[in-house]
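All of the numbers you see were taken from the coordinates with simple rules; none came from a lab. None of these values were measured; they are calculated from a predicted model. With ideal geometry, Cβ positions are generated from the backbone for all residues, glycine too; neighbour counts draw on all protein chains shown.
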Amino acid sequence: MLSQFIGHASGKVRNTVERGAVKKFAEAIGDPHPLFIDEEAGKKSRYGQNIAPPTFPRVFDYGTIPGLKLPPKGLIHGEQSYHYERPLLIGEEIECYAQVKDYYEKQGSQGKMSFLVINRFGNDLDGKLIFKVEQVIIITEAVRREMTV
Amino acid sequence: MNRTLAQIETGESLPEITLEPVTRLDLIKYAGASGDYNPIHTIDEEAKKAGLPGIIAHGMWTMGNLAKLFTPYYEDGFIEDYSVRFKGMVFLGDTITLKAVLLEKSENKLYFQVLAVNQHEQEVVKGKVVFSLYH
């Protein structure tokens, strides 16, 4: 049903790794480590700067993939993975976008389950990859039926 | 002072962390910090409408917490790969314990299995971390 979106991507969106957002995020995951939130600790670290926790890219704007509409409710988050070339530095500007990597269906005991695999990317301003996120979303048959218009 | 990660041997674990029981405020804070306002994580009636017995934690809240096992070691290296599967739901009042065990090491990489379990020893998040060491 969503297979026609495989390979489709959003336009690139410029994001900043914001100090306040990182602090709020680090506190929300119970990890307010000085390396994330204390400017002095960041300067003294090997990074010369504060860094963001690895799951922080949840907060960035990745744009929208034209035509891909997912229901706001009823989706199950199945898997999540992050790949980093290096940690994200506070204050740096990055370009983010999303792309549909795969879509497939499987017959399960609860009916047909659909799996949507979305990649999200963060590049530096020279276009060099910093991180790549992969998310597997499970769409149950009941939700999928509502999506079919 | 923590010993450096490079000294850890295969089969050894990082110090475990047991979180305080999950509260609604934890999830409201995560919703605000992450921008994930799906109401099944914060509003009882919405969770019930979705067929759940009560609100559940964002999977990403648990995944975010789990990564803190590695935070003391960022002078030694960084998390190059972190992948998990969400295996079970986390409810209000659940007590989550975070674990990491070293499966394998090479010259500059450490391969960990990471795990979050609830108070019944059920796995809620399970995955892997590849920690890349600086030289």
In whole Å, largest first, the alpha carbons of the range B:1-71 cover along the principal axes 50, 23, 17
For a quick size check, give me the Cα extents of chain B along its three principal axes, largest first, whole Å. 52, 29, 26
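Filter the GluC sites (Glu not before Pro) in the range B:61-111 down to the DSSP loop ones having no more than 12 other Cβ atoms within 10 Å, then list what survives.
Answer in residue order: B:107.
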Cα-based helix-to-principal-axis angle, B:24-34 vs chain B, degrees rounded to 10: 70 degrees
What would the Debye equation give as log₁₀ I(q)/I(0) for the protein assembly as shown at q = 0.11, 0.12, 0.13, 0.16 Å⁻¹, counting only Cα atoms as equal point scatterers? -0.66, -0.80, -0.94, -1.42
Do the alpha carbons of any pairs in A:12/A:132; A:101/B:49; A:69/A:112; B:105/B:126 sit beyond 23 Å of each other, and which pairs? A:101/B:49
Cα-only Debye scattering, the range A:1-115: base-10 log of I(q)/I(0) at q = 0.21, 0.22 Å⁻¹: -1.18, -1.25
Ignoring everything except DSSP H segments at least 4 long, calculate the 222 nm mean residue ellipticity for chain A; use -39,500 (n - 2.57) per segment, divide by total residues, nearest 500. -4500 deg cm²/dmol
List the longest stretch of chain B that has no exposed loop site; here a site is one of the chymotrypsin sites (Phe, Trp or Tyr not before Pro) assigned by DSSP to anything other than H, G, I, E or B, with at most 14 other Cβ within 10 Å. B:38-133
Mean residue ellipticity at 222 nm from the helices of chain B, using -39,500 (n - 2.57) per DSSP H segment of n ≥ 4 over the full residue count, to the nearest 500 deg cm²/dmol? -5000 deg cm²/dmol
Any chance you could check the Cα centroid distance between the range A:46-110 and the range B:12-35 for me, in angstrom? 19 Å
